[in-house]
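Beneath this line is the structure, given in structure tokens, with notes to follow.
The values are calculated or read from the model by the stated rules, or taken from the named source; none is laboratory data. Because the structure is predicted, anything quoted here is derived from the model rather than measured. Note that each Cβ is placed from the backbone with ideal geometry, even for glycine, and that neighbours are counted across all protein chains shown.
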Amino acid sequence: MASAVLLEPDLAALTVPQLLHTPSAAQTVIVVSKLITTAVSTDFAEAIELLNVSLLGGIRVELWGVGSDTNVVAVDCYGWAQFGGGHHIGTIGAVQSTFNQSFTAGAPRFSHPSLVEAFPFASTWRGCDTYSETSDQGVALSIPVTEADFPGYFNVDFTNSQYKWFAVVPTTVGGTSLGAIFTALSVKKGGRNPQWTA
């Protein structure tokens, strides 16, 4: 059993991609018995990362992993209120593409310190160009129109939710590992981001 790792968004760098899930092998779907308690007091089958989304109105999520072109991957999305149980928000499927990225030092897209540690320079990380929503149980999951061989993503809207914690759990990994990064799309009233205020 493992405790959750709590991630706090870097509010001074919300327009820069940050860590949502450290690349890992496929993990176990979170079962109902683990969703009836608060996230911070639950022992999970594997270590999962919980992002504090209490100040975020929405995020864009990209999946990156070590794998091959056309590998099929999937993540399950979960949310927890601060003092209540959790919910299965939905399932997102994706297909890895031809493009890849070495998270090299100084690469502007992946320069945030949380990514430098989680995505080792020695590996080549492959992104996904095709995303599909297979279920949406909670907050709004949306997928913009995708284009083959170009980086894709999915959006998660928290504006009408009471979630404090959000997690993605890779349940299908086409290669050896799958991770996730996020970029904030908006902040809720009361949240502050110096880059978005006059």
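Considering only residues of region 100-158 that are part of a loop (DSSP other than H, G, I, E, B), within 16 Å of THR22 (Cβ to Cβ) and touching a helix residue (DSSP H, G or I) at 6+ places or on another chain (Cβ under 8 Å), which is modelled with the highest pLDDT? If you could, list the steps in order and put the result at the bottom.
Quick first cut of region 100-158, residues part of a loop (DSSP other than H, G, I, E, B) only: 103-107, 111-112, 119-123, 137-139, 143-153, 158.
Applying the additional criterion that residues be within 16 Å of THR22 (Cβ to Cβ) yields 103, 112, 119-123.
With touching a helix residue (DSSP H, G or I) at 6+ places or on another chain (Cβ under 8 Å) added as a condition, the list becomes 103, 112, 119.
Details: PHE103: 56, HIS112: 85, PHE119: 82.
Per the stated criteria, the residue is HIS112.
Return the residues of region 24-44 that are small (Gly, Ala, Ser) and under 16 Å from PHE166 (Cα atoms); say none if nothing qualifies. Selection gives ALA39, SER41.
Listed here are the residues, each with its yes/no results for (1) in contact with a helix residue (DSSP H, G or I) (Cβ under 7 Å, 6 or more places away or on another chain); (2) outside any helix (DSSP H, G or I); (3) not polar (S, T, N, Q).
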| residue | (1), (2), (3) |
| --- | --- |
| PRO9 | no, yes, yes |
| LEU19 | yes, yes, yes |
| THR22 | yes, yes, no |
| THR28 | no, yes, no |
| LYS34 | no, no, yes |
| THR37 | no, yes, no |
| VAL40 | no, no, yes |
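Residues that are closer than 23 Å to ASP136 by Cβ, β-branched (Val, Ile, Thr) and either outside any loop (DSSP other than H, G, I, E, B) or in contact (Cβ under 8 Å) with a residue 40 or more places away in the chain (or both) occur in region 45-53; there is at least one.
Candidates are the residues of region 1-50 that are among the hydrophobic types (A, V, I, L, M, F, W, C) and either in contact with a Cys (Cβ under 8 Å, 6 or more places away or on another chain) or closer than 17 Å to VAL187 by Cβ (or both); the one that is surrounded by the most Cβ atoms within 10 Å (Cβ to Cβ) is LEU20. When residues in region 159-183 are screened for being of a type in the set (Gly, Ala, Ser) and either assigned to a strand (DSSP E or B) or modelled with pLDDT of 90 or more (or both), 4 of them pass.
Among the residues of this structure, VAL53 counts as one that is β-branched (Val, Ile, Thr) and either surrounded by 15 or more Cβ atoms within 10 Å (Cβ to Cβ) or under 15 Å from the mean Cα position of the chain (by Cα) (or both).
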